[in-house]
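A.B. asks: My questions all concern the structure below.
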Amino acid sequence: MADGASVPPPAGEVIELLQPDDYHHHLRDEPALEHTVPFAARAFRRCLVMPNLVPPVTTTAMALEYRDRILKRLPSDVPEGAFVPLMTLYLTDNTPPEEIERAKASGHVYAVKLYPAGATTNSDAGVTSYEKILPALAKMAELGILLLVHGESTDQSVDVFEREQSFYASTMPWILKQCPNLKVVCEHVTSAAGVEFVKAQGPNVAATITAHHLLYNRNALFKGGIRPHYYCLPILKTEPDRRALVEAAIGSPKFFLGTDSAPHSAGRKECCVGCAGCFTGHMAIELVAEAFEAEGGLGALEDFVSRRGAAFYGLPPAEGTRTLTREAWTVPKDYPFGPETVVPLRAGETVRFKMLPRGEKR
C-alpha cells in the first residue's frame, strides 16, 4: 500500500452495501472452475466473464457452453439465481457482424473484448488490424453490445510502463472517431493519462479499475526482490498514477469496479518467465475498502462496487445487501486451483476488512 495510509479503525464496525458486481473477472476453465467460481459467486451478484480461454471464446455457442460449465460449479451455499455470469466474446480480425447478432439474440452475451494481439495472457488470437474489425464494431453500436478494450500498445519500442498511455493517445481516439456511437469500457485503466482520456469522452465511454491498481504502485513489484504475484498487465504504474485512479474511483461516475482477478498456478507465476495476473477473487471488495478508507472515501464505496457498473451496462440496480466488517484476518498462503495451487494477492498478510456471507449480519 502507498505510504501514508490511515491507521486501522476500531474492530467490530460494519458497513452495509448493496450486493456488489464485478465487471471484469477471469474464471479460467476446467478444472480450475471448481475453485474460481465459488470465490466469485460468494462475493458478487453479477460477474462479467473474460473470454481469453484456450481456445478463445469467439462464438456465441462457445460462450453459452462456457456459461453452462460455470453454472455447474456454483457452490451449494449460493442460492439459486443469486449469481449471474455475464458472458463476453473474444474479438478477432474475422469476427463477422452475424456473430454479433447471434450474441445479442442469446440474451447472455453482453460485450465483446478487444485484445491487441500479443498484449496480455492468451491474446495471440487478438486483433492485428483495427480496420478489419470495423464491420463488427458497427454492428455492436447498432445493437447496443459493449466493446471492452485492453488498452495497451503492442509496439515493442514503447516502454512497458507507457503502453497504456500510448494506446489512449492514438489507437482509441481513432476507434471512437470511426464508431462515435459505440459504447466502450476502457478496461482496468492504470494511468493518469487513461483516467483523463475517459473523463474527456462522452457518456458512451466509461472505465473499470482494479483493486490492486487502487492499492499499489510499481514499487510493489520490486519490494525486497522480484514479487511475481504483483505482476499484471497493464503493469502497476507510478504513485501519481495510482492516486489519479483512487480519485477517479471515489469521485467520478464514469469509473466502476472490474477486479481483473486473474489466477495462474503458483508454478506459472514463480518461474523464469512468469504469467501476468493477480488473483484477487478471494477479497476484492475488502481491498477496495482499504484503498477508499485511506483517502476518506468509504462513502463512495457502494457507488463504485454496486451501482455505477450496472447503470452503464443498462442492468437493473443491485438487489440485496452485504455486510462488510472491520475485522482483521490473515490471507492464506495459497488456495486450491484445479490440481494445483494459486497464491493470492497479500498471501500471509493481514487484511482489515471482511465481507460476510450472504444473509449474515453483525
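A.B. asks: Please work out if Arg69 is under 18 Å from Pro38 (Cβ atoms), part of a loop (DSSP other than H, G, I, E, B) and over 19 Å from the mean Cα position of the chain (by Cα).
C.D. replies: Answer is no for this residue.
A.B. asks: Test each condition in (1) surrounded by fewer than 24 Cβ atoms within 10 Å (Cβ to Cβ); (2) touching a strand residue (DSSP E or B) at 6+ places or on another chain (Cβ under 8 Å) for Ala192 and report the one that comes out false.
C.D. replies: Failed condition: (2).
A.B. asks: Among the numbered criteria (1) among the small types (Gly, Ala, Ser); (2) touching a residue at least 40 places away in the same chain (Cβ under 8 Å); (3) in contact with a helix residue (DSSP H, G or I) (Cβ under 9 Å, 6 or more places away or on another chain); (4) open to solvent by 20 Å² or more (accessible area, probe 1.4 Å), which one does Ala169 miss?
C.D. replies: Checking Ala169 against (1) among the small types (Gly, Ala, Ser); (2) touching a residue at least 40 places away in the same chain (Cβ under 8 Å); (3) in contact with a helix residue (DSSP H, G or I) (Cβ under 9 Å, 6 or more places away or on another chain); (4) open to solvent by 20 Å² or more (accessible area, probe 1.4 Å), the one that fails is (2).
A.B. asks: Counting only residues that are among the β-branched types (Val, Ile, Thr) and modelled with pLDDT of 95 or more, give me the strands (runs of 3 or more DSSP E) lying completely in region 94-202 with at least 2 of them.
C.D. replies: Counting at least 2 such residues, we get 109-114, 184-186.
A.B. asks: If you don't mind, there's one more thing I want to ask. Is there any pair linking a residue in region 114-127 that is more than 15 Å from Glu187 (Cα to Cα) to one that is outside any loop (DSSP other than H, G, I, E, B) and hydrophobic (A, V, I, L, M, F, W, C), with Cβ under 7 Å and at least six apart or on different chains, and which?
C.D. replies: Within 7 Å, the pairs are Ala117/Val127; Val127/Leu114.
A.B. asks: Let me ask you something else. Here is a list of conditions, (1) within 23 Å of the chain's Cα centre (by Cα); (2) open to solvent by less than 60 Å² (accessible area, probe 1.4 Å); (3) more than 30 Å from Gly320 (Cβ to Cβ), and Asp124 meets all of them except one; can you say which number that is?
C.D. replies: Going through (1) within 23 Å of the chain's Cα centre (by Cα); (2) open to solvent by less than 60 Å² (accessible area, probe 1.4 Å); (3) more than 30 Å from Gly320 (Cβ to Cβ) one by one, Asp124 breaks only (2).
A.B. asks: Name the single residue that is farthest from Glu99 (Cα to Cα) among those in region 33-66 being polar (S, T, N, Q), touching a Lys or Arg at 6+ places or on another chain (Cβ under 9 Å) and part of a loop (DSSP other than H, G, I, E, B).
C.D. replies: For region 33-66, the residue satisfying everything is Asn52.
A.B. asks: Keeping to region 67-78, report how many residues are open to solvent by 70 Å² or more (accessible area, probe 1.4 Å) and touching a residue at least 60 places away in the same chain (Cβ under 8 Å).
C.D. replies: Adding up the residues that qualify gives 1.
A.B. asks: Another question about this same structure. When you check Thr330 against the structure, is it without any contact (Cβ under 8 Å) to a residue 60 or more places away in the chain and more than 20 Å from the chain's Cα centre (by Cα), yes or no?
C.D. replies: yes
A.B. asks: In addition: Name every residue in region 310-357 that is open to solvent by less than 10 Å² (accessible area, probe 1.4 Å) and closer than 20 Å to Glu34 by Cβ, in order of residue number.
C.D. replies: Val342, Pro344
A.B. asks: Moving on. Mind checking which helices (runs of 4 or more DSSP H) fall wholly inside region 256-362 and carry at least 3 residues that are under 30 Å from Lys199 (Cβ atoms) and of a type in the set (A, V, I, L, M)?
C.D. replies: 284-294
A.B. asks: Out of Pro228, Pro263, I need the residue that is touching a strand residue (DSSP E or B) at 6+ places or on another chain (Cβ under 9 Å), at pLDDT 95 or above and either crowded, with 19+ Cβ neighbours inside 10 Å or more than 25 Å from Pro180 (Cα to Cα) (or both). Which one?
C.D. replies: Numbers: Pro228 fails: touching a strand residue (DSSP E or B) at 6+ places or on another chain (Cβ under 9 Å).
Within the list Pro228, Pro263, the selection yields Pro263.
A.B. asks: Can you name the number of the only condition in (1) under 27 Å from Asn52 (Cα atoms); (2) among the aliphatic types (A, V, I, L, M); (3) assigned to a helix (DSSP H, G or I) that Ile235 fails?
C.D. replies: That leaves (3) as the condition not met.
A.B. asks: Pairs under 6 Å by beta carbon, first residue under 16 Å from Leu53 (Cα atoms) and touching a residue at least 40 places away in the same chain (Cβ under 8 Å) in region 88-112, partner part of a strand (DSSP E or B) and among the small types (Gly, Ala, Ser), six or more apart or different chains?
C.D. replies: Thr88/Ala111
A.B. asks: Evaluate region 213-224: report whether one residue or more is closer than 30 Å to Ala311 by Cβ and of a type in the set (Lys, Arg).
C.D. replies: Within region 213-224, not a single residue is closer than 30 Å to Ala311 by Cβ and of a type in the set (Lys, Arg).
Residue-wise test of (1) farther than 23 Å from Ser191 by Cα; (2) in contact with a Ser or Thr (Cβ under 6 Å, 6 or more places away or on another chain).
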| residue | (1), (2) |
| --- | --- |
| Leu236 | no, no |
| Leu245 | no, no |
| Ala249 | no, no |
| Ala266 | yes, yes |
| Glu270 | yes, no |
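A.B. asks: Got at least one residue in region 134-147 being among the acidic types (Asp, Glu), open to solvent by less than 50 Å² (accessible area, probe 1.4 Å) and within 26 Å of Pro180 (Cβ to Cβ)?
C.D. replies: Scanning region 134-147, I find no residue that is among the acidic types (Asp, Glu), open to solvent by less than 50 Å² (accessible area, probe 1.4 Å) and within 26 Å of Pro180 (Cβ to Cβ), so the answer is no.
A.B. asks: Looking only at region 297-307, count every residue that is open to solvent by 10 Å² or more (accessible area, probe 1.4 Å) and in contact (Cβ under 8 Å) with a residue 60 or more places away in the chain and tell me the total. Show your work before the answer.
C.D. replies: Residues of region 297-307 that are open to solvent by 10 Å² or more (accessible area, probe 1.4 Å), as a first pass: 298-300, 302-303, 307.
With in contact (Cβ under 8 Å) with a residue 60 or more places away in the chain added as a condition, the list becomes 298, 302, 307.
Looking only at that region, the number is 3.
The values are calculated or read from the model by the stated rules, or taken from the named source; none is laboratory data. These numbers were taken from a predicted model, which means no experiment stands behind them. Positions of Cβ are backbone-derived with ideal geometry, glycine not excepted, and every protein chain shown enters the neighbour counts. Areas reflect the complete protein model, heavy atoms only, side chains present, ligands, DNA and RNA absent. Shrake-Rupley method; radii C 1.70, N 1.55, O 1.52, S 1.80 Å.
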